[in-house]
Amino acid sequence: MSKWLNRYSEADTQSFTTSRANETRFWQSISYLDHTAPLESALKDAAQFGIRYVLVGINEDIGPRANCGRGGAIQGWQAFLKRFLNLPSNEFLDPKSVLLLGEVKCDDLQSQSKPLDNTQADDLAQLRSLCGELDERVTAVLKPVFDAGLEAIVIGGGHNNCYPILKALSTSEASPCNAINFDPHADFRAIEGRHSGNGFHYAYQDGYLHDYHVVGMHEQKNNQTIISALTNAGFTYTTYQTLQVMRSRSLTSDCTHSLARFKTDKPLGIEVDVDAISGMPVSAFTNCGFSVSDAEHFVFLGATHSASRYLHLCEAAPVTHPNGLEQGITEAGQALSGLVCSYLLGKQQG
């Protein structure tokens, strides 16, 4: 549904791009949709002409704030574009099969959320209501992408958006989805109104999530109610402590083993909450996490699974960087771009 999509043209990204003699950059190789064509038919035509991956941004921090957390996740998408569009197109990676679709319209919801204080019960309830409205918009934008047989790469905002992405994919495929999530949090909090901490629980409750595994779940960042709910649903996790402290299992072996259990008859989502990465400017900062290269390896392995249909990168919040917004944009943009390139590389290898 194009009502909630701000569809990009090349002119919309000129402020992010630069050029250099004798060098082809990503922005010169990727594609855009015809603004005059209906979204559904334009996406199907794009698939016929070789497009496989569709970039979509979400500029919001309603979900993290509705989870009693910090704001700032509204600039992850811009940080990504500034870096990704200027990468060199070469023999290792040519993004000719990538379409830059645009962003979900949510400026009005952001404006409504701005004066709300998540320490006040009434304001918190309003934030969760706004998050529910955002759900509908994200699903409406992404379902036509999946209907066209394309893969979505969704960047920005909070982890609340896993729910509408899974809903869009599940509805399109008429099948519940599987998901693997690189995250210190299981995001399986109570059904208490929508926010960034309960997207997978809502997806499970509503029949959109069939199987789910969390890689790197931190033992001190999930309460027992969350862990019990996850286990009672039949879902699994490997803790950060297992992988990084005790090191009784490697990241590669855990991901490979977990991915092998996801059958190809159900679509698979690859989820990364970048607050799993040490030192990243994010909604929930950590200095006890994984490296960017660990996250890239996770994404690469996930992308090689034949049923994988989307990559979701969330929670980057450049404004929270201790050295200021500009440095936050630089670092978030580099990490997000590396993760997307790892997904594309995995698809080449898969």
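The values are calculated or read from the model by the stated rules, or taken from the named source; none is laboratory data. Predicted model, so just to flag it, every value in this text is computed and none were measured. FYI the Cβ positions are ideal-geometry reconstructions off the backbone, even for glycines, and counts take in every protein chain you see.
Out of curiosity, is residue 30 touching a residue at least 12 places away in the same chain (Cβ under 8 Å), over 30 Å from residue 221 (Cβ atoms), within 23 Å of the chain's Cα centre (by Cα) and surrounded by 17 or more Cβ atoms within 10 Å (Cβ to Cβ)? Walk me through it before giving the result.
Details: touching a residue at least 12 places away in the same chain (Cβ under 8 Å): yes; over 30 Å from residue 221 (Cβ atoms): yes; within 23 Å of the chain's Cα centre (by Cα): yes; surrounded by 17 or more Cβ atoms within 10 Å (Cβ to Cβ): yes.
The answer is yes for residue 30.
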Subset of the range 168-200, residues surrounded by 24 or more Cβ atoms within 10 Å (Cβ to Cβ), assigned to a helix (DSSP H, G or I) and not hydrophobic (A, V, I, L, M, F, W, C), comes to 170, 199
Per the filter on the range 64-77, residues modelled with pLDDT of 95 or more, of a type outside the set (A, V, I, L, M) and over 13 Å from the mean Cα position of the chain (by Cα) are 64, 65, 67, 68
Item to complete: Look at residue 162 and say whether it is surrounded by 24 or more Cβ atoms within 10 Å (Cβ to Cβ), hydrophobic (A, V, I, L, M, F, W, C) and closer than 17 Å to residue 193 by Cβ.
Response: yes
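Among the candidates 73, 46, 66, which residue alone is crowded, with 20+ Cβ neighbours inside 10 Å and in contact with an Asp or Glu (Cβ under 6 Å, 6 or more places away or on another chain)? So that I can check it myself, show each step before the final result.
On the way: 46 fails: in contact with an Asp or Glu (Cβ under 6 Å, 6 or more places away or on another chain); 66 fails: in contact with an Asp or Glu (Cβ under 6 Å, 6 or more places away or on another chain).
Testing whether each residue is crowded, with 20+ Cβ neighbours inside 10 Å and in contact with an Asp or Glu (Cβ under 6 Å, 6 or more places away or on another chain) leaves just 73.
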Checklist line | Test result for residue 60, closer than 26 Å to residue 135 by Cβ, among the charged types (D, E, K, R), in a helix (DSSP H, G or I) and at pLDDT 95 or above | finding: no
Log entry, pairs with first residue in the range 45-62 being at positive phi, second being part of a helix (DSSP H, G or I), beta carbons closer than 7 Å, six or more apart or on different chains, reads 50/97
Filter the range 202-237 for residues that are touching a helix residue (DSSP H, G or I) at 6+ places or on another chain (Cβ under 7 Å) and aliphatic (A, V, I, L, M); the one that is farthest from residue 262 (Cα to Cα) is 229
Conditions (1) surrounded by fewer than 18 Cβ atoms within 10 Å (Cβ to Cβ); (2) at pLDDT 95 or above -> residue 39 fails only (1)
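Can you tell me which residue in the range 111-125 is surrounded by the most Cβ atoms within 10 Å (Cβ to Cβ), limited to those that are in a helix (DSSP H, G or I) and touching a residue at least 12 places away in the same chain (Cβ under 8 Å)?
Looking at the filtered set, the residue picked out is 113.
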Requiring at least 3 residues that are touching a residue at least 12 places away in the same chain (Cβ under 8 Å) and in contact with a Lys or Arg (Cβ under 9 Å, 6 or more places away or on another chain), the helices (runs of 4 or more DSSP H) wholly within the range 215-330 are 224-232
